[in-house]
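Below: the structure, in structure tokens.
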Amino acid sequence: MTSTADPDGQNLLGHVLLPVANEEDALATARALEPYDPERVTALHVVEKGEGVPDKTPVEQSEELAEESYAAVRRVFPDAGDHTAYARDIAGAIFDAVDEVDASAIGYRSRGGNRLFRFLSGDVSLELVTESHVPVVALPRGGAAD
């Protein structure tokens, strides 16, 4: 199968939303997406915001981390857009961002971790592939970027 069009004729890789966690993850994720030659890329960083509980990191530090992540994506996709979301629910923020930037798909590279870690932290990967209203492209973890 060589076509990247969905059943409605929309290009699956017309506009890929690329959630990234930090600079290293952003570069590895962008490199994993690069061979698929998307038309447009928007990098997304979700700042975990408290909603009544203390933030994990100061917002300013998280915003700096987001900027470093966007710069890493732009090393692979120089014209990539960026979008910062502030939320506690990471998967929910990704789904909202899809609509806000009008993405055709989510490009996602699993960050791994053992089963206990995924259980305790919530498995964003599982939620993305089971709850998304747009296609989710699972990008390979292997390669030189790891």
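Worth pointing out:
- Along segment 82-88 the Karplus relation, 6.51 cos²θ - 1.76 cosθ + 1.60 evaluated at θ = phi - 60°, assigns HN-Hα couplings of 9, 8, 10, 10, 10, 6, 8 Hz to successive residues, with x for each Gly and Pro.
- Note, ³J(HN,Hα) from phi for segment 91-108, Karplus 6.51, -1.76, 1.60, rounded to Hz, x at Gly and Pro: 4, x, 5, 5, 4, 5, 5, 3, 5, 5, 9, 6, 7, 8, 6, 10, x, 9
- Ordered by the count of other Cβ atoms within 10 Å of each Cβ, fewest first, 83, 45 give 83, 45.
- Sorted fewest first by neighbouring Cβ atoms within 10 angstrom, 110, 69 come out as 110, 69.
- Once backbone amide H atoms are built at 1.01 Å from N, residue 47 has 85, 86, 87 as its partners under 5 Å, excluding neighbours fewer than 5 places away on the same chain.
- Backbone N atoms of segment 11-28 closer than 12 Å to the 7 Å Cα→Cβ label point of residue 75 belong to residues 23-28.
- Calculated FRET value between residue 11 and residue 87, using beta carbons and R₀ = 22 Å, to 0.05: 0.20
- Among 102, 79, the ranking by other beta carbons within 10 Å of each residue's beta carbon, starting with the fewest, stands as 79, 102.
- Within-12-Å neighbourhood charge of residue 23 [Cβ basis; K, R +1; D, E -1]: -3
- For residue 15, the amide hydrogen comes within under 5 Å of the amide hydrogens of 40, 104, 105, counting only partners 5 or more places away or on other chains and with H modelled in the peptide plane.
Since every read-out is calculated from the coordinates, none of them should be taken as a lab result. Please read these numbers as outputs of a predicted model, since none were measured by experiment. Methodologically, a virtual Cβ is constructed for each residue, glycine included, from the backbone with ideal geometry; neighbour enumeration extends over all protein chains shown.
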